[in-house]
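Undergrad: This is the structure I have questions about; it appears just below.
The values are calculated or read from the model by the stated rules, or taken from the named source; none is laboratory data. Everything numeric here is computed off the predicted structure, so don't read it as measured data. Note: ideal-geometry Cβ built from the backbone for every residue, glycine included; neighbour counts use all protein chains shown.
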Amino acid sequence: MKKIMVTLAVGMGMFGVLGGSTITASAAKVHTGIPKVFRNKTYKAKTFHEEGLASHASIKFGTKAMRYTPAFAIDVYTTYKVKYKYLGKHTYYLVGRIYGNAPEGGIPWRYKIKYYNAHKIYAKDLTFANPRYTNFIFRR
């Protein structure tokens, strides 16, 4: 009986210590700006050759905005008011607004970016219709 009481007391003490701790950051929380691993970096994708033309996609991250240029694109997409959510396994979901040649309030634009290392990321444009020229592995 004494062993059961001691075990129960130790268990309750451990529960109190672990249950009383608070978590300050949450992965499910939406953060503003660009994730720290991407800030002030530029990445380029492989070069595409089509009908005698060569082009590559590129992404340039700032601190609160990002500039995305798809391959063979006429316009550059600068995404402002970026918010992100960490999805786990070095994957980020970024949402922002594009104001260039758009109605008032801008157009919402979405990206999913996986961080492999400092020189390699995978970016998927979830808004653009043609995945051939928008979903690449980018390198620094």
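Undergrad: Using the structure shown, decide if Ala129 is touching a helix residue (DSSP H, G or I) at 6+ places or on another chain (Cβ under 9 Å), surrounded by fewer than 17 Cβ atoms within 10 Å (Cβ to Cβ), within 30 Å of Gly52 (Cα to Cα) and modelled with pLDDT under 85.
TA: no
Undergrad: Under the condition of being outside any loop (DSSP other than H, G, I, E, B), of a type in the set (A, V, I, L, M, F, W, C) and surrounded by fewer than 15 Cβ atoms within 10 Å (Cβ to Cβ), which residue from the stretch 25-77 is farthest from the chain's Cα centre (by Cα)?
TA: This residue is Leu53.
Undergrad: Would you mention how many residues in the stretch 69-106 are more than 30 Å from Ala54 (Cβ to Cβ) and of a type in the set (Gly, Ala, Ser)?
TA: Number of matching residues: 3.
Undergrad: Got at least one residue in the stretch 123-135 being in a strand (DSSP E or B) and either of a type in the set (Phe, Trp, Tyr) or touching a Gly at 6+ places or on another chain (Cβ under 9 Å) (or both)?
TA: Taking the stretch 123-135 as the starting set, the residues that turn out to be in a strand (DSSP E or B) are 123-125.
The next check asks that each one be either of a type in the set (Phe, Trp, Tyr) or touching a Gly at 6+ places or on another chain (Cβ under 9 Å) (or both); those that pass are none.
Within the stretch 123-135, none of the residues are in a strand (DSSP E or B) and either of a type in the set (Phe, Trp, Tyr) or touching a Gly at 6+ places or on another chain (Cβ under 9 Å) (or both).
Undergrad: Separate question: Just to be sure I understand the filter: pairs with C-beta atoms under 6 Å, separated by 6 or more residues or on different chains, first member in the stretch 107-127 and over 18 Å from Thr78 (Cβ atoms) and touching a residue at least 60 places away in the same chain (Cβ under 8 Å), second member aromatic (Phe, Trp, Tyr) and in a strand (DSSP E or B). Which pairs pass?
TA: Taking only residues 6 or more apart or on different chains, the pairs are Ile121/Tyr43; Ile121/Tyr115; Ile121/Phe138.
Undergrad: Go over the candidates Tyr84, Tyr80 one by one and state the one that is over 17 Å from Ile137 (Cα atoms), among the aromatic types (Phe, Trp, Tyr), at pLDDT 90 or above and over 11 Å from the mean Cα position of the chain (by Cα).
TA: Being over 17 Å from Ile137 (Cα atoms), among the aromatic types (Phe, Trp, Tyr), at pLDDT 90 or above and over 11 Å from the mean Cα position of the chain (by Cα) holds for just one of Tyr84, Tyr80, which is Tyr80.
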